[in-house]
Amino acid sequence: MSWFDFFTAKSTAVQAGVNKRARSTGSAVRRYAPEISKKAQPHDRQAAIDALAKIGSAEAAAVLLKRYTFSIDPSITDQDERDTAFRGIIAAGHDALPAIRDFCANAESVTWPLRMMRELLDDPELVDEIIELLEAWDTEYHRNPDPKVQLIGALERVKDARVRPAVERFLEDFHEPARFHAVITLLAQDAPEAAGPLARALVREEAVRTQDRIAEGLAMRGWVVPAADRALLAERLPRGYRLDRDGRVVR
């Protein structure tokens with residue numbers, strides 16, 4: 001046998017082993033998938049979660065994500081199962097990201113998927129993912145705006161030049177929580193150019209807590225409000241705030 005034949009045979013054997021393990025893993029995932037259900041017996045569901053978490057594959061991660069579509073009692077068991085599923089999904093590494101994205105597109109809550117992405121990605125990558133997910137949301141009424149609010153809120157933790165243009169439109173969102181978190185996120189950025197959009201948001205805002213947060217944030221940062229926005233803003237500032245001659249909000 002030549003050296004070429006030797007290495008070719010070895011490569012073929014290795015690939016065969018990989019394919020065999022993949023088939024075995026896929027079979028195990030399919031075996032346990034039906035048990036990731038609220039209707040499953042608790043011990044069967046826990047055994048399935050434990051087994052899938054040990055597999056640590058992208059396919060297993062996709063199944064484990066189903067555990068975040070329901071809650072059970074007692075709450076301590078619910079938390080334990082979610083924690084175990086979380087570790088199993090993270091074990092799949094970046095291979096789990098497509099499943100996490102798909103889950104976020106239809107989820108009632110994205111709190112856990114966001115935790116997963118924070119674990120798997122650095123800040124610039126995380127911003128990429130969140131902005132892409134936010135692009136699917138408009139500013140109109142939604143029966144459940146929680147995922148949108150959670151995505152906006154997740155950007156409060158990072159400073160990135162891409163955040164301001166992605167979030168500003170939510171200052172006009174139908175839902176006040178979305179507007180409130182858009183304010184917090186914009187104030188968290190090193191972006192004095194957000195002063196104008198924030199000033200205009202305060203003028204049209206009806207929620208007192210959001211008005212107060214804008215006024216407080218502008219005063220703390222000393223951002224200069226554009227001249228065109230000052231007159232209306234001065235009339236709408238909450239009690240205890242005013243505009244100085246340079247266009248800054250002061251207390």
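A compact table of results
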quantity	calculated
Complete set of residues in segment 177-190 that are surrounded by 19 or more Cβ atoms within 10 Å (Cβ to Cβ) and either more than 20 Å from residue 142 (Cβ to Cβ) or in contact with a His (Cβ under 7 Å, 6 or more places away or on another chain) (or both)	186, 187, 189
Top-ranked residue of segment 196-218 - restricted to ones that are buried (at least 19 other Cβ atoms within 10 Å of the Cβ) and out of contact with any Asp or Glu (no Cβ under 8 Å at 6 or more places or on another chain), ranked as farthest from residue 251 (Cα to Cα)	205
Any hit, segment 33-47, residues being surrounded by 12 or more Cβ atoms within 10 Å (Cβ to Cβ) and modelled with pLDDT under 95	no
Residues being surrounded by fewer than 20 Cβ atoms within 10 Å (Cβ to Cβ) and not polar (S, T, N, Q) - total across segment 60-70	2
Selection count where residues are in a helix (DSSP H, G or I) and without any contact (Cβ under 8 Å) to a residue 40 or more places away in the chain, scope segment 104-135	21
Hey, residue 189 closer than 20 Å to residue 153 by Cβ, touching a residue at least 12 places away in the same chain (Cβ under 8 Å) and over 24 Å from the mean Cα position of the chain (by Cα) or not	no
So residue 73, is it at pLDDT 95 or above and either part of a helix (DSSP H, G or I) or buried (at least 18 other Cβ atoms within 10 Å of the Cβ) (or both)	no
Any hit, segment 20-31, residues being at pLDDT below 95, polar (S, T, N, Q), surrounded by 15 or more Cβ atoms within 10 Å (Cβ to Cβ) and not in a loop (DSSP other than H, G, I, E, B)	yes
Matching residues in segment 140-175 - criterion: being surrounded by 15 or more Cβ atoms within 10 Å (Cβ to Cβ) and aromatic (Phe, Trp, Tyr)	170
For residue 78: the one exception among (1) touching a residue at least 24 places away in the same chain (Cβ under 8 Å); (2) within 23 Å of the chain's Cα centre (by Cα)	(1)
Per-region count, segment 213-248, residues within 13 Å of residue 194 (Cα to Cα) and acidic (Asp, Glu)	1
The listed residue being within 28 Å of residue 156 (Cα to Cα) and either surrounded by 15 or more Cβ atoms within 10 Å (Cβ to Cβ) or aliphatic (A, V, I, L, M) (or both), out of 98, 113	113
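The values are calculated or read from the model by the stated rules, or taken from the named source; none is laboratory data. Since we're looking at a predicted model, the values are computed, not measured. Virtual Cβ from ideal backbone geometry, glycine too; neighbours counted across all protein chains shown.
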